[in-house]
1. Restricting attention to the range 217-272, which residues are part of a loop (DSSP other than H, G, I, E, B), within 14 Å of residue 193 (Cα to Cα) and of a type in the set (S, T, N, Q)?
2. Quick one: residue 244 ticks every box in (1) within 53 Å of the chain's Cα centre (by Cα); (2) crowded, with 17+ Cβ neighbours inside 10 Å; (3) at positive phi except a single one, so which number is it?
3. Applying the selection to the range 135-173, what residues are in a loop (DSSP other than H, G, I, E, B), more than 23 Å from residue 211 (Cβ to Cβ) and at pLDDT 65 or above?
4. Within the range 177-201, work out how many residues are at pLDDT below 90 and within 17 Å of residue 274 (Cβ to Cβ).
5. What is the residue count in the range 186-216 for residues that are polar (S, T, N, Q) and outside any loop (DSSP other than H, G, I, E, B)?
6. Of all residues in the range 174-185, which are part of a strand (DSSP E or B) and exposed (fewer than 14 other Cβ atoms within 10 Å of the Cβ)?
7. Within the range 214-230, which residues are over 19 Å from residue 244 (Cβ atoms) and either of a type in the set (A, V, I, L, M) or in contact with a Gly (Cβ under 9 Å, 6 or more places away or on another chain) (or both)?
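The values are calculated or read from the model by the stated rules, or taken from the named source; none is laboratory data. Model, not experiment: these values are computed from the prediction. Note that we place each Cβ from the backbone using ideal geometry, even for glycine, and neighbour counts take in every protein chain shown.
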Amino acid sequence: MSDTEFERERTISNALIGVVAVSLLLAIGALVWCYGLSNHIAAAETKLASAEAKNADLEKQSEALGARLRATAETLGQSVGMTQKQIELRTQTILVQQKAQSAQTAKLEQAEAATKQQIGAVSTEVSSVKTDVGGAKADIATTRSDLEQAKQTMQRMMGDEGKMSGLIATNHDELEILKHKGDRNYYEFTLHKGDKPILLSTVKLQIKKVDDKHSKYTMNVSSDDRNIEKKDKSLDEPVQFYSGKDPALFELVVNNISKNVVSGYLSTPKSAPQPMDAPK
């Protein structure tokens, strides 16, 4: 082998060794890069896992915080609702009180107006009374005069028992005059033919016959367990009889006669029993 060939082979060998050396270095560099990349990836994965764990914790904290916020909001809503309800109740109470006060004020105003009217009416009445008093005095004087005249027109008559009677009242007004005198007790009556006896004081009276054409009547008088028939008596005639343990003079007068009906009064002494004390 010539030197030239030898140098050529040597050059190729060196070139091959250089290529191998470069390839080896490249391979080593690639291995180192891959190892570093692997480390970086592992670190990144670790960081990512840590970040995910933190994110999970943050989500849990966020959920807990949201639950607390919801509970707080609900509590505040309930509190606000209670307060609103209390405000509405208080408002209604105030309105009711205002209505009551308004009604009371209206009543007071009405009462005041009514009082003023009454005061005015009383003043008017006082004036009228003053006027009436003067007129009443004149009326009393006139009434007294009329009573005296009425007394004078009344008659005293002899009774059927031969006793002089008191004044005879021929109507209701004259009987009222006798009652006001107070000398005797007077009881008015109306008797219908066919009715049962009526009790006046201690005496029972029953009409038996009425003759309105001739102003006559017949009456049964029951007194002290005995019956007395007063027959064919006349209008305004004093019909007399005695009654009581200590016999006292009783007197009856019929001053109105119509068909089957008579009316008049019974006169008894003051000492005679009153109707409430009389035996039934």
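1. Start the filter on the range 217-272 by keeping residues that are part of a loop (DSSP other than H, G, I, E, B), which leaves 224-225, 235-238, 244-247, 259-260, 269-272.
Among the residues that remain, those that are also within 14 Å of residue 193 (Cα to Cα) are: 259-260.
Matches in the range 217-272: 260 only.
2. With (1) within 53 Å of the chain's Cα centre (by Cα); (2) crowded, with 17+ Cβ neighbours inside 10 Å; (3) at positive phi applied to residue 244, the lone miss is (1).
3. As a first pass, look at the range 135-173 and keep what is in a loop (DSSP other than H, G, I, E, B): 154, 159-163, 169-171.
Checking the rest, the ones that are also more than 23 Å from residue 211 (Cβ to Cβ) come to 154, 162-163.
Passing the criteria: 162, 163.
4. Within the range 177-201, the first condition is being at pLDDT below 90, and the residues that meet it are 181-183, 201.
Among the residues that remain, those that are also within 17 Å of residue 274 (Cβ to Cβ) are: 182-183, 201.
Qualifying residue count for the region: 3.
5. Narrowing the range 186-216 to residues polar (S, T, N, Q): 190, 201-202, 206, 215.
Checking the rest, the ones that are also outside any loop (DSSP other than H, G, I, E, B) come to 190, 206.
Of the residues in the range 186-216, 2 are polar (S, T, N, Q) and outside any loop (DSSP other than H, G, I, E, B).
6. As a first pass, look at the range 174-185 and keep what is part of a strand (DSSP E or B): 185.
If the condition is that a residue be part of a strand (DSSP E or B) and exposed (fewer than 14 other Cβ atoms within 10 Å of the Cβ), then no residue fits.
7. Passing the criteria: only 219.
This table checks each residue for (1) within 23 Å of residue 166 (Cβ to Cβ); (2) not basic (Lys, Arg).
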| position | (1), (2) |
| --- | --- |
| 190 | yes, yes |
| 196 | no, no |
| 255 | yes, yes |
| 258 | no, yes |
| 270 | yes, no |
